[in-house]
Amino acid sequence: MKRAESVTFGGSGFDRATELRRDDTKINDLLTSGAARIVVIWRGKPLMRGENGDQLATLAFDHPVLGLATAPPVFLGLDGHDAVFAQDISAWPGPDGPNSALSGMFDPTEQHHPDMPADTKFVALRMNMGRVSPRDAELAVMAVGVFAWHRTHGFCANCGAATRMELAGWQRSCPDCARQHFPRTDPVVIMLITNGNSVLVGRSPGWPEGMYSLLAGFMEPGETVEAAVRREVFEETAVRVGSVGYLASQPWPFPSSLMIGCQGVAETTKITMDPKEIEDATWVTREEILDAWANRSATMYAARKGSIANFLIRNWLSDTLD
Ligand SMILES: [Zn+2]
């Protein structure tokens, strides 16, 4: 797909400079050089700035607030002459005391730290992802994703000992059994299944009323992308899928998914739902989708802007999937 990387979080060509991660001296020089910018994460939310909170804010490495961090910064890479790091200050209790931002699927709350610049605030990525520039989005997704991993992988999965951060934040190592652990990414297939002029959409229990999206599911060990697409669609709807092709991918750090967007052609159309998996599934025509996106539908509205489902459906409607 020619425009695959224009998807939200689709990448901006940021230089991760992975060759520097082993060089502790160089990493420390970059951090203290005066040209380092620190992306700040608090409980999964990046620090943003601007009136609408849609620009990534960064701090100098010696900003006093970064003293709240309980682990070293993670080296993200080089942005021109600037070295970019990320630091997690989740130890800050928040403006309203403990647990003020236990976020659900959609967290509209914003938090300002009193010692940070006046126009900065912590904003959940899901709330502003459609408005953030590609470079800011890539940095935010990297930082949110890598810290989500650190937060939940403090102990060795092999022996249970406490692990320590290495490779400038891109590895954890176990001092007891020497096992190395790397940031995990969970592949998810999400598929645009078509039958002529119609596309297969569904909704999960608990979604906002009227929200429909493409079917999706986690891949399993030993499975190809194509097989996962066919299995998930059959499990959820009993629709059989024939040919499957790759379209685009999207990092989705909630907490660690990679959405693999595919197109599949239906071989059967009768839907038999698995109520344990989904609440509803249906075929909708291009005209019905256009009505939903124009808010003319009484029963359905569009997949969320910024999601790869929205991106794939939009390109299907405009005939730009090639
Ligand atoms: Zn171990």
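Some points to look at:
- The set of residues in region 110-163 being of a type in the set (Gly, Ala, Ser) and closer than 30 Å to ARG179 by Cα consists of ALA140, ALA143, GLY145, ALA148, GLY154, ALA157, GLY160, ALA161, ALA162.
- Per this entry, ILE289 is not counted among residues that are at pLDDT 90 or above and over 16 Å from SER198 (Cβ atoms).
- Of residues in region 222-242 being farther than 21 Å from SER204 by Cβ and β-branched (Val, Ile, Thr), the one surrounded by the fewest Cβ atoms within 10 Å (Cβ to Cβ): THR224
- ALA294 fulfils the conditions (1) surrounded by 14 or more Cβ atoms within 10 Å (Cβ to Cβ); (2) free of Cβ contacts under 8 Å to residues at least 24 places away in the same chain; (3) under 24 Å from THR8 (Cα atoms) except for a single criterion, (1).
- Selected residue [more than 20 Å from LEU68 (Cα to Cα) and modelled with pLDDT of 90 or more] from SER90, SER133: SER133
- Residues located in region 312-322, provided they are out of contact with any Leu (no Cβ under 9 Å at 6 or more places or on another chain) and in a helix (DSSP H, G or I): ARG314
- Tally of residues being over 20 Å from GLY242 (Cβ atoms) and under 26 Å from the mean Cα position of the chain (by Cα) across region 269-297: 8
- Qualifying positions in region 155-172 - part of a loop (DSSP other than H, G, I, E, B), within 23 Å of ASN28 (Cα to Cα) and within 16 Å of the ligand (Cβ to nearest atom): THR163
- Considered as a group, the residues in region 173-213 that are within 16 Å of the ligand (Cβ to nearest atom) and among the polar types (S, T, N, Q) include one that is farthest from VAL244 (Cα to Cα), and that residue is SER173.
- The condition of being of a type in the set (D, E, K, R) and either under 17 Å from GLU223 (Cβ atoms) or free of Cβ contacts under 8 Å to residues at least 24 places away in the same chain (or both) holds for only one of GLU236, GLU279, that being GLU236.
- The set of residues in region 187-204 being within 14 Å of ALA281 (Cα to Cα) and either within 21 Å of the chain's Cα centre (by Cα) or surrounded by 21 or more Cβ atoms within 10 Å (Cβ to Cβ) (or both) consists of MET191, LEU192, ILE193, VAL199, LEU200, VAL201, GLY202, ARG203, SER204.
- Close pairs (8 angstrom Cβ cut-off, 6 or more residues apart or separate chains): closer than 20 Å to VAL144 by Cβ in region 160-171, aromatic (Phe, Trp, Tyr) and more than 15 Å from the ligand (Cβ to nearest atom) anywhere: ALA168/PHE75; GLY169/PHE75; TRP170/PHE75
- Close pairs (8 angstrom Cβ cut-off, 6 or more residues apart or separate chains): more than 14 Å from GLN171 (Cα to Cα) in region 12-28, assigned to a helix (DSSP H, G or I) and among the charged types (D, E, K, R) anywhere: SER12/ARG135; SER12/GLU138; PHE14/ARG135; PHE14/GLU138
- Matching residues in region 48-71 - criterion: being in a loop (DSSP other than H, G, I, E, B) and buried (at least 17 other Cβ atoms within 10 Å of the Cβ): GLY53, ASP54, ALA57, PHE61, ALA69
- Qualifying residue in region 244-262 (condition: on the phi > 0 side of the Ramachandran plot, away from the ligand (no atom under 16 Å from the Cβ) and modelled with pLDDT of 95 or more): no
The values are calculated or read from the model by the stated rules, or taken from the named source; none is laboratory data. In this text the structure is predicted, and so the values were computed from the model without any measurement. All Cβ positions, even for glycine, are placed from backbone atoms using ideal geometry, and neighbour counts span all protein chains on display.
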